[in-house]
Amino acid sequence: MADVRGLDFLVKVGDTATSPTTWAILEGQTSGTLDGTVDFADTTAKDTGSWSTSAATTHSANVSVAGNLRSDDARTNFDKLWSAWIGRSTHHCQVIYDEAGNGFSADFYVQVSLTGDVRDVVKYTIELRPAGTVTAVVPTP
């Protein structure tokens, strides 16, 4: 079994904010992180035989992606996410984690950070936080 390449971890941006029909790769990506967590409620009771028990209550799938900012004519998808951040709205994105195209999609709230150093290109970091239900993306054979 081969390892999954980091190159295959991609954020794809929908052509529209809410009901996309096509997806395009966020330009300039260099790295990405998925922090998938579950919150638990303590359900330990006297009848659990002194074993600590819990129940899953909420899930989160926070995504962070970093990259190099492209010039105006080469950053259409970055600009869609920038507009969502400026407008305090959401945008529908896919997070793909392998070459086969498996991943998930959701409407995401967007946070944007930019850094610029005189000796380097402008770098971006985009944080995506689901605004609702996360749906599996399963590639069609």
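No value in this document is a laboratory result; all are computed from the given coordinates. Here the structure is a predicted model, which is why all the values come from computation and not from measurement. Using ideal geometry, Cβ is built from the backbone for each residue, glycine included, and neighbour counts are taken over all protein chains shown.
Among the numbered conditions (1) of a type outside the set (S, T, N, Q); (2) free of Cβ contacts under 8 Å to residues at least 24 places away in the same chain; (3) in contact with a strand residue (DSSP E or B) (Cβ under 7 Å, 6 or more places away or on another chain), tell me where Lys12 comes up short.
The single condition Lys12 does not satisfy is (2).
Residue check: is Ala61 surrounded by 14 or more Cβ atoms within 10 Å (Cβ to Cβ), touching a residue at least 40 places away in the same chain (Cβ under 8 Å), within 17 Å of Val137 (Cα to Cα) and under 15 Å from the mean Cα position of the chain (by Cα)?
yes
Can you name every residue in the range 15-29 that is in contact (Cβ under 8 Å) with a residue 40 or more places away in the chain and surrounded by 11 or more Cβ atoms within 10 Å (Cβ to Cβ)?
Thr16, Ala17, Pro20, Trp23, Ala24, Ile25, Leu26, Glu27, Gly28
Which of (1) within 18 Å of His92 (Cα to Cα); (2) surrounded by 13 or more Cβ atoms within 10 Å (Cβ to Cβ); (3) β-branched (Val, Ile, Thr) does Val4 not meet, given it meets every other one?
(1)
Of everything in the range 64-108, what is part of a strand (DSSP E or B) and surrounded by fewer than 16 Cβ atoms within 10 Å (Cβ to Cβ)? Give them in sequence order. Let's see the steps before the verdict.
Step one: of the range 64-108, the residues part of a strand (DSSP E or B) are 64-68, 90-96, 103-108.
Residue satisfying the conditions is Asn68 alone.
Would you please name the residue that is nearest to the chain's Cα centre (by Cα), looking only at residues in the range 64-88 that are among the polar types (S, T, N, Q) and over 14 Å from Gly14 (Cα atoms)?
Looking at the filtered set, the residue picked out is Ser64.
Just to be sure I understand the filter: pairs with C-beta atoms under 9 Å, separated by 6 or more residues or on different chains, first member in the range 67-78 and in contact (Cβ under 8 Å) with a residue 12 or more places away in the chain, second member assigned to a helix (DSSP H, G or I). Which pairs pass?
These pairs meet every condition: Gly67/Phe78; Leu69/Phe78; Arg70/Phe78; Arg75/Trp82.
Among the residues of the range 72-91, is there at least one that is in contact with a helix residue (DSSP H, G or I) (Cβ under 8 Å, 6 or more places away or on another chain) and not polar (S, T, N, Q)?
Among the residues of the range 72-91, at least one is in contact with a helix residue (DSSP H, G or I) (Cβ under 8 Å, 6 or more places away or on another chain) and not polar (S, T, N, Q), which makes the answer yes.
Name the single residue, out of those in the range 1-38 being among the hydrophobic types (A, V, I, L, M, F, W, C) and in contact with a helix residue (DSSP H, G or I) (Cβ under 6 Å, 6 or more places away or on another chain), that is farthest from Trp85 (Cα to Cα).
Among those that are among the hydrophobic types (A, V, I, L, M, F, W, C) and in contact with a helix residue (DSSP H, G or I) (Cβ under 6 Å, 6 or more places away or on another chain), it is Ala24.
Any idea how many residues of the range 38-57 are surrounded by 10 or more Cβ atoms within 10 Å (Cβ to Cβ) and hydroxyl-bearing (Ser, Thr, Tyr)? Show your work before the answer.
The initial filter retains those residues of the range 38-57 that are surrounded by 10 or more Cβ atoms within 10 Å (Cβ to Cβ), namely 38-41, 43-44, 48, 53-54.
Pick out the ones that are also hydroxyl-bearing (Ser, Thr, Tyr) and you get 43-44, 48, 53-54.
Counting residues in the range 38-57 that are surrounded by 10 or more Cβ atoms within 10 Å (Cβ to Cβ) and hydroxyl-bearing (Ser, Thr, Tyr) gives 5.
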